C-alpha cells in the first residue's frame, strides 16, 4: 500500500523534490507551476484553500495567474468560460453547493468544447447543510460532459492536475476536465508528495500553451461564433462528436499516463487494482477510502481469503471494459457509494458496475450496494471488514440477501426525540408598547419615540445564549440590539454564514423564534415566498385558528459576503416590494469560510485571498456600497447602523418594522466586529466600529422615501478622526500605515471622503 519511493526515485527522469502538503496545497502548487492565465473563483469550504494558496503565492510574485474573485460560483464559471474562449489556460476550484450553482455552465463549457481544469473538492450538498466530505456533488458531474479524474491522496491531486491539462488540450479530446478529491480527508490532510522540481519540466510535459488551431475569440483574422442556436439534426451531431471526444479521453489518458510514468515513475491506469490477480471477493471504493481498504485486503489475505480491491482513477468515461475484465473471476463484490442516487436502488457507481457486467456477459458475479460515509462520516478499517463480510457471505451462499442498503446509519429512537427546551416567547413580552412609531403627514417621514434603553432590557432575547460564536463576535450583540426595536413576533431567515452555523448545530438551536435557512444566493427569494404565503393564507382566513395576535415581521439576516452572491435575488425582492426586512451584518469578508475577501472588504485590507507580500498589498479594489445600491431600487427605507450608537439603531429598527409591515421591503446594514479575522482584541469591537463611524468610513444615515438623512455627523460633533485612527486598531490593516503603502492609504482616504461628501450633499438636498 505504501508509496515505493525508491522505485519512483530510480525511475524518475526529471529532478523532483519531496514536500509534505495537503491536497488543496498540491492543486494550487500544480496550478502555479503551469502558470494558468486566469482563475475565476468564489470561496466555499473545503475548496477555498486552493485560491488562498494561489493568492499567497501571487502576493510574493511566484506566478502570473490573474485571480478574479467573482460574486458567486455561477459567475466564476462564467468568468472561466469566457476566458477559455479567448485562447488561454483556465483553472478553478469549487465544492458542493458551489458546484450546484455552477451546474448550468458546466454543459455550456463542454458542449462548446473549450478546455479548462477544475478541481471539485467533494463535499455534501444541502439540505440540510453539511460541509464535510462525500460524493453527492461529484455524482451531479457525471452527466456534464467533463472527463473526471479521481484522486485518492495529495500525490494524486498533484499528478492528476498536471495530467488533466494535457488531457483537456489534446486535439482528440478538447474538453474541460474535472479533478475530484475528497473534502477534508484529502484536501486538508498533509502527506508526503513528490513534485517536479522545476516548472519548466511541467510545461515541457503539458506544452507551453494551448495547441495551435484551437478556437480563439481574440483572433481577429479568424472570427468565430461561439454557442450558436442549433436545431436538429445539427444538435444531435454535435452531441455525437462530444460523445466521441469523451470516449477518446480514455485512450488519451492511458497514453499520457504512460508518458507521465516514464518521467516520474508514477503510473495511473484507468483502474487502481490491489491484489486482484486471483481475487474471489472484492470491494470497490473511490478516492480516500480506497487506500484504507488495501490494509483490509492484506489482513484478509493473511487469513487465507482471496480478497482484492478496485478504485477508479477515472470515472468519465467510465472504465466499463476494465471493470468487466477485473471482475470476470470474482464471485462477489461490495460497491461502496459515498452518495445515493435516490430511488435507483443504489448509487451511481454500483449501477454502472452492474451495467458493465451485463454488457460483457457476466451474470455470475454477485453485486452488493452500500451507501456509506455521507456527510463526512469516517471510514475505518473495521468498516472495510464489514463490506468484505457482505461479499464473502454472498460468495458462500451464491446469493445476495440485501442487494441495497445504507451502511453506518443509526436507527431512530423515539425515546430520544429532541424535546423543546425553551417555551415559546410570550407575545405580551415581545409587544411591549414602549416604542411609538407615527407617520408625520407633512414630512412623509416616520417619527419614533423609544424609552431609555434600560427599559427595553426586559424584552426577551430572540437568540438564546449558548451559540458557538468566537469571543468578541459582534454579530449577536448587533442583531439583538436591532431586535430590541422590533415589536411582536418575527419569522427569521438566515443565509449561510457565521450567524447561521454557530446557532443551529443539530439537534440544538439558539433561535427562540421561527427560523429558516437557505443558501446565500436564494435567501431573499425564499423569504419572499414565505411573506406572500402569509398574506395569501391570511386573506383566505386560513390563519384564524393559529391564534395570531398581530402580523409577523419577516426578517432576512445576511452577512459574510451574502450580499455579493445574494445581491441579485435581493434586488429582485426589493423591486417586487415584498413586505420584509433584509438586515446585513457587515464583517467585511467571507468569515464563515476562512476570511476571504468579499466585495464589502475595503481597499488594501488583508484577507486570505488578498494577502500581503512583496508584489501585493491587500485587496486591490474598493468596497461595495450596498446601502446605496439598495436605495437605488426605490424601496421605502434603507439604513445603516452600529452597536456603538444603540439609540440610533433601535430607532431605525422600529422604522424598519413599520415600513416592512405597511409599505414594502426594507434594507439595513450593521457594521459588526470580527476580532478573529480583523486581528483585533476580543473586547475592543464596539470601540473599533465606533472609530469606523467617526472616521466616516461607515457613516450612519437613512434613506426614507428617497430622501437621505445623516443621523450622526462626526464633523458637526467635532468627533471626526483620521481614517488611520481606525486602521491602526486592526491587525489586518496596520500595513497600510507603513510609508511604502502611503499611496494606497491616500487612495483609500480619498474614496472614503468622496463618498462622505456625496452623502452630505444628499442630506442637504432632498432631490439628490
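The values are calculated or read from the model by the stated rules, or taken from the named source; none is laboratory data. Not measured: the values here are computed from a predicted model. Here the Cβ is made from the backbone with ideal geometry for all residues, glycine too, and neighbour counts use every protein chain on show.
Couple of notes before you dig in:
- Within segment 359-383, tally of residues that are at negative phi, without any contact (Cβ under 8 Å) to a residue 24 or more places away in the chain and over 39 Å from the mean Cα position of the chain (by Cα): 1
- Qualifying positions in segment 142-167 - within 15 Å of residue 92 (Cβ to Cβ) and either part of a loop (DSSP other than H, G, I, E, B) or modelled with pLDDT under 95 (or both): 144, 146
- Residues (buried (at least 24 other Cβ atoms within 10 Å of the Cβ) and either without any contact (Cβ under 8 Å) to a residue 24 or more places away in the chain or out of contact with any helix residue (DSSP H, G or I) (no Cβ under 8 Å at 6 or more places or on another chain) (or both)) located in segment 148-174: 156, 160, 164, 168
- Listed by position, the strands (runs of 3 or more DSSP E) enclosed by segment 225-323 that each have at least 3 residues that are surrounded by fewer than 22 Cβ atoms within 10 Å (Cβ to Cβ) are 271-274.
- Residue 479 vs. criteria at pLDDT 90 or above, in contact with a helix residue (DSSP H, G or I) (Cβ under 6 Å, 6 or more places away or on another chain) and surrounded by 14 or more Cβ atoms within 10 Å (Cβ to Cβ): no
- Of the residues making up segment 541-557, not one is farther than 23 Å from residue 430 by Cβ and modelled with pLDDT of 90 or more.
- Wholly within segment 437-553, strands (runs of 3 or more DSSP E) carrying at least 1 residues that are closer than 24 Å to residue 45 by Cβ: 490-495, 514-518
- Of note, residue 499 does not satisfy the criterion of being in contact with a strand residue (DSSP E or B) (Cβ under 9 Å, 6 or more places away or on another chain) and modelled with pLDDT under 90.
- Selection from segment 464-476 of residues that are touching a strand residue (DSSP E or B) at 6+ places or on another chain (Cβ under 8 Å) and modelled with pLDDT under 90: 464
- Picking from residues in segment 204-221 that are surrounded by 10 or more Cβ atoms within 10 Å (Cβ to Cβ) and farther than 20 Å from residue 172 by Cα, the one that is modelled with the highest pLDDT is 217.
- Residues (modelled with pLDDT of 90 or more, closer than 24 Å to residue 424 by Cα and exposed (fewer than 12 other Cβ atoms within 10 Å of the Cβ)) located in segment 445-463: 454
- Search result, residues across segment 680-705 that are more than 16 Å from residue 645 (Cα to Cα) and surrounded by fewer than 16 Cβ atoms within 10 Å (Cβ to Cβ): 682, 683, 705
- For segment 413-421, the count of residues that are touching a residue at least 60 places away in the same chain (Cβ under 8 Å) and either assigned by TED's automatic domain parsing to the domain that holds residue 510 or assigned to a helix (DSSP H, G or I) (or both) is zero.
- Exclusive hit being under 17 Å from residue 71 (Cβ atoms) and buried (at least 20 other Cβ atoms within 10 Å of the Cβ), set 626, 640: 626
Conditions (1) farther than 27 Å from residue 388 by Cβ; (2) touching a residue at least 12 places away in the same chain (Cβ under 8 Å), marked per residue:
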residue: 248; (1), (2): yes, yes
residue: 258; (1), (2): yes, no
residue: 290; (1), (2): no, yes
residue: 299; (1), (2): no, yes
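- Residue list for segment 311-331, filter: within 18 Å of residue 371 (Cβ to Cβ) and either in contact with a helix residue (DSSP H, G or I) (Cβ under 6 Å, 6 or more places away or on another chain) or not assigned by TED's automatic domain parsing to the domain that holds residue 289 (or both): 311
- Of all the residues in segment 706-749, those that are closer than 30 Å to residue 635 by Cβ and out of contact with any helix residue (DSSP H, G or I) (no Cβ under 9 Å at 6 or more places or on another chain) number 1.
- Residue satisfying condition, being within 34 Å of the chain's Cα centre (by Cα) and either closer than 30 Å to residue 346 by Cα or at pLDDT 90 or above (or both), within set 414, 386: 386
- Where strands (runs of 3 or more DSSP E) sit wholly within segment 37-141, those with at least 1 residues that are surrounded by 20 or more Cβ atoms within 10 Å (Cβ to Cβ) and free of Cβ contacts under 8 Å to residues at least 60 places away in the same chain occupy 38-41, 90-94.
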